[in-house]
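Working notes for the structure below.
Throughout, read-outs are computed from the coordinates displayed, never taken from laboratory work. Computed from a predicted model, the values in this text were never measured in an experiment. Cβ sites come from the backbone with ideal geometry, for glycine too, and all protein chains shown count toward neighbours.
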Amino acid sequence: MAALGRAALLLSFGLLVYALVAGSFAAWKRRRRLALSAQNALLASFGTTLVAAGVLWAALARHDFSFVYVAEHTNIQLPLGYRLSAFWGGQEGSLLLWLLVLSGYAALVVWLNRRTRELMAWVVPVLAGIATFFAFMLCFVSSPFGTAPAPADGAGMVPSLQNPYMLAHPPLLYLGYVGLTIPFAFAMGALLSRRTDERWLVATRRWTLSAWMFLGVGQLIGAHWAYVEIGWGGYYAWDPVENAALMPWLAATAFLHSVMIQEKRGMLKVWNMVLVSLAFLLSIFGTFLTRSGVINSIHSFSQSSIGGWFLGFVVACTVFAVGLIYLRLPLLRARTKLESLVSREAAFLYNNLLLVALCLTILWGVMYPVLTQAVRGETRSVSKPYYDFFLHTFGLPLLLLMGIGPLVAWRRASLRALGKTFLIPLAAAVVTGGVLIGLGFNSSLPGLLAYTFSAFVAASIALEFVRGTRATGSLFRLIGKNRRRYGGYIVHAAILLLAIGIAGSSAYQTVRERGLHVGQSLEIAGYTLHYEALQTRKTANAVETRAVVKATRGNSTVAILHPGKNLYPVTPLGPQTSNEVSIYHDPRNLGDLFLIADQIDPNGTLYLKALVKPLVNLVWAAGFLFLFGSLVAMWPDAVEQRRLAERYAAAPA
Amino acid sequence: MTLALVLAAGLALAVVLFVARPFLRDPTPVSDVLDEPSELEHRRLELVEERDRALAALKELEFDHRTGKVTDEDYRQQVGPLRRSAAAALRALELRTEAKHERIASGR
């Protein structure tokens with residue numbers, strides 16, 4: 001069946017090239033049937049890519065080791081769920097997933113906008129052009145359908161990928177990365193067709209939000225995977241590949257805010273074009289980082305030699321986007337100006353500048369080792385203090401702005417109005433800061449500031465809901481009448497939880513480590529950890545060694561924990577050992593007691609590392625609230641739909 | 001292998017037919033020109049967007065005033081210009097509509 005997979009991919013490539021060439025010609029020469037035919041080619045490419053994906057999934061499910069990809073990424077013992085997830089466990093499968101998601105999104109875009117042919121005329125070739133690159137890679141550079149005589153068993157899967165989170169984390173990230181292609185394609189389509197009105201923004205509003213939501217949730221799931229699986233006690237290490245997902249998310253966050261200024265004031269048209277392009281380009285650049293092998297990363301399982309192709313593609317897309325924006329500058333002039341530096345739009349602008357500054361400093365941190373290696377031949381790395389410094393420098397003011405923005409009116413705000421609206425949030429911040437200093441939380445200035453600012457933001461969000469509910473008479477009516485605004489506030493509350501969780505679990509965590517013989521104990525933050533025994537058992541694909549550690553507080557036992565190690569004899573990298581952490585969730589401080597068996601000697605000596613991470617569970621709770629808020633913001637509003645339908649009713653279809 | 005080739009050939013035939021469908025369904029069209037908005041249509045859309053923006057700004061100002069975010073004095077200062085810009089956009093749209101009706105009535 002590999003031949004069917006190859007043929008389906010070749011068909012996808014042919015269809016996409018046709019959609020690109022015929023679509024461009026049709027849009028240029030205004031040919032209706034040719035434009036429709038190009039749209040159909042884009043739709044059909046989803047079907048053929050789906051067939052190719054089906055062939056690979058079937059081979060993974062059936063242990064068909066005649067497929068080189070299946071033999072390299074799975075083995076007989078691997079459970080079905082992980083076999084199917086091996087689809088995105090390797091480079092060729094990941095590329096196929098990218099093309100599948102992109103062609104699926106493109107088909108949905110064509111179908112949803114089937115009545116707005118004029119707008120779609122240039123969107124189709126842009127989407128096809130991007131998808132053509134991935135189809136080309138799959139057909140001619142990195143095919144998942146290579147075959148060889150089947151070995152008796154496969155090489156297996158990297159142990160760290162054998163985790164339920166890996167079933168969701170990569171696909172969600174891909175849904176996010178690829179989703180950013182859609183607003184980019186509409187933006188470029190609008191510029192190519194010289195239609196720089198708001199229609200492209202209206203058409204892409206939910207696409208941007210959903211891509212941003214998927215990227216956010218995907219990153220949080222990845223962080224939780226790192227927390228429970230990698231076994232170093234943290235959840236975000238500023239790894240270049242983690243940063244690769246964070247950067248487009250930051251750019252998309254800036255875009256989601258600045259687009260409101262364009263909608264409400266008709267300003268920042270150029271800036272929005274730049275941001276939507278930056279978000280897309282960073283998503284492709286992230287893939288270059290993951291695939292190129294130019295950086296050292298915990299994601300090194302996915303390194304390969306296709307990075308050059310991606311770099312070329314990023315450069316080509318950058319030249320295209322920058323050139324087109326430059327050519328269309330006269331069409332993007334704003335008709336209004338910022339009336340005051342103390343206004344909602346000004347707050348959004350400051351938020352944008354901080355988000356982009358944070359994004360670019362992270363980009364510099366990622367690129368610096370690569371550039372020093374290329375220019376000076378030296379290997380230099382950028383470590384946690386660099387990122388932490390800029391996170392504090394830009395992140396803390398961003399946190400504060402999240403509370404200031406909603407309190408300030410559009411256009412301009414007088415000092416009297418500001419005094420009135422800021423009173424309660426300021427009081428909340430001052431009281432919180434004072435109490436925290438009194439309790440001795442000033443051991444970490446960033447932590448203290450984060451909590452003080454959080455109190456300000458929490459009060460500001462609560463006030464917005466209380467005052468709004470009073471004005472409309474009902475909380476549901478309030479949210480129902482303005483889902484974007486109040487969904488946005490719920491997302492702000494999620495970011496607030498995230499900030500509190502990160503500050504608590506990093507600035508105020510406690511760490512102890514020492515070697516223990518059976519019967520010995522370790523004290524940490526009110527807990528006594530008693531090493532009771534060592535156990536070993538063999539499972540289908542690993543040998544599991546676990547220490548039995550009793551955690552007590554005062555005179556009561558709170559948990560029996562089992563930190564240890566797994567030895568995987570069969571993996572693509574040879575025998576591998578993984579850390580298996582053990583965690584007790586403490587309901588008192590919403591934190592965790594986190595145990596790592598750093599080393600287990602043959603004589604049974606356990607080198608135990610224990611961490612107490614207060615409030616860390618707020619980080620994960622923030623994920624659920626973030627998802628809920630995003631869905632509220634995205635939920636269709638019938639009144640607005642009618643208004644937009646009326647607005648574009650007379651436009652040609 | 002043979003089955004794979006047959007399936008691939010079937011798939012290829014299906015997609016070719018699907019791509020050619022606009023030409024097969026409409027071999028001799030009255031017009032094969034993709035609709036394009038005229039300058040007048042562009043202007044109408046701009047005016048509608050201006051109108052919607054002005055009305056939304058007024059609504060937002062009213063709401064902010066009711067929730068206490070905008071003081072009475074600020075409200076009085078801002079509401080006038082916003083009403084005027086909304087009225088100007090509405091008036092321009094009405095004039096265009098009337099002109100269109102007149103053109104239709106006179107058969108032009």
> Full extension from residue A:588 to residue A:550: what is 0.36 nm times the residue separation minus their Cα-Cα distance, to one decimal in nm?
Replying inline: 11.8 nm
>> Taking 0.36 nm per residue of sequence separation and subtracting the Cα-Cα distance, how much length would be gained by fully extending the chain between residue A:50 and residue A:444, in nm to one decimal?
In response: 136.6 nm
>> Tell me which trypsin sites (Lys or Arg not before Pro) from the stretch A:326-403 have a DSSP coil assignment and no more than 12 other beta carbons within 10 Å of their own.
In response: A:333, A:335, A:337, A:380
> For the stretch B:24-77, how big is Rg over Rh, using alpha carbon atoms and the Kirkwood form of Rh?
Replying inline: 1.47
> Quick one: putting +1 on the C-beta of Lys and Arg, -1 on the C-beta of Asp and Glu, what dipole do you get for the protein assembly as shown around its Cα centre, in Debye to the nearest 20?
Replying inline: 2400
> In the neighborhood of residue A:155, defined by Cβ-to-Cβ distances under 15 Å, what is the net charge if each Lys or Arg adds +1 and each Asp or Glu adds -1?
Replying inline: -3
>> Just to be sure I understand the model, the point goes 7 Å from the Cα along the line to the Cβ. What's the resulting residue B:17 to residue A:420 distance in nm?
In response: 7.0
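Do any trypsin sites (Lys or Arg not before Pro) in the stretch A:156-246 lie in a loop, going by DSSP, with at most 15 other beta-carbon atoms within 10 Å of their beta carbon, and if so which? Don't skip to the answer; put the middle values down first.
Details: sites: A:194, A:195, A:199, A:205, A:206; in loops: A:194, A:195.
Within the stretch A:156-246, the qualifying trypsin sites (Lys or Arg not before Pro) (loop, at most 15 other Cβ atoms within 10 Å) are A:194.
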> Under 30 Å from the Cα of residue A:384, which lysines turn up, not counting those fewer than eight places away in the same chain?
Replying inline: A:565, A:609, A:613
>> Given contacts defined as C-alpha pairs under 8 Å and at least six residues apart, what's the relative contact order of the stretch B:38-105, whole-number percent?
In response: 43
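Once every DSSP H run of n ≥ 4 in chain A is given -39500 (n - 2.57) and the sum is divided by its residues, what mean residue ellipticity at 222 nm do you get, rounded to the nearest 500 deg cm²/dmol?
Taken over chain A, the calculation gives -21000 deg cm²/dmol.
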> Using 7 Å Cα-to-Cβ label points, what is the residue A:153/residue B:24 separation (nm, one decimal)?
Replying inline: 5.1
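For residue A:329 and residue A:228, what does the FRET efficiency come to when R0 = 51 Å and r is the distance between their Cβ atoms, rounded to the nearest 0.05?
Computed FRET efficiency for residue A:329 and residue A:228: 0.55.
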>> Modelling each spin label as a point 7 Å along the Cα-to-Cβ direction, I'd like the residue A:437/residue A:360 distance in nm, to one decimal.
In response: 3.5
>> Residue by residue through A:412-418, how many Cβ atoms from other chains fall within 10 Å of the Cβ on average?
In response: 4
> In what sequence do A:284, A:230 fall when counting other Cβ within 10 Å, fewest first?
Replying inline: A:230, A:284
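With an 8 Å cut-off on Cα pairs and a minimum separation of 6 or more residues, tell me the relative contact order of the stretch A:1-157 in percent.
Once normalised by length, the contact order is 38 percent.
Per-residue Cβ counts within 10 Å, from other chains only, averaged over B:56-63: what number is that?
Taking the mean over all residues of the peptide, I get 4.
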> Distance from the Cα centre of the stretch A:232-296 to that of the stretch B:32-70, in angstrom?
Replying inline: 29
> Over chain A, what is the relative contact order in whole percent, taking alpha-carbon pairs under 8 Å and six or more residues apart?
Replying inline: 11
>> I need the Debye-formula profile for the stretch A:50-139: one equal scatterer per C-alpha, no solvent, reported as log10 I(q)/I(0) at q = 0.14, 0.18 1/Å, two decimals.
In response: -0.58, -0.78
>> Please report the net charge: other residues with Cβ closer than 13 Å to the Cβ of residue A:410, K and R +1, D and E -1.
In response: +2
>> Taking the Cα centroid of the stretch A:448-527 and of the stretch A:576-644, what is the distance between the two, rounded to the nearest whole Å?
In response: 13
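Nearest 0.05, what FRET efficiency do residue A:607 and residue A:465 give at R0 = 41 Å with Cβ-Cβ as r?
0.25
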> Hey, with R₀ at 60 Å, roughly what FRET efficiency would residue A:477 and residue B:2 work out to, going by the Cβ-Cβ distance, to 0.05?
Replying inline: 0.40
> Can you give me the Cα centroid spacing of the stretch A:18-60 and the stretch A:158-223 in angstrom?
Replying inline: 20
> Shielding of A:573-581 by partners, i.e. mean partner chain Cβ atoms within 10 Å per residue?
Replying inline: 0
> Within straight cross-link reach of residue B:59, meaning Cα distance under 17 Å, which lysines are found once same-chain residues fewer than 8 apart are removed?
Replying inline: A:264, A:481, B:69
>> Net charge within 14 Å of residue A:525 by Cβ-Cβ distance, Lys/Arg positive one each and Asp/Glu negative one each, not counting residue A:525 itself?
In response: +1
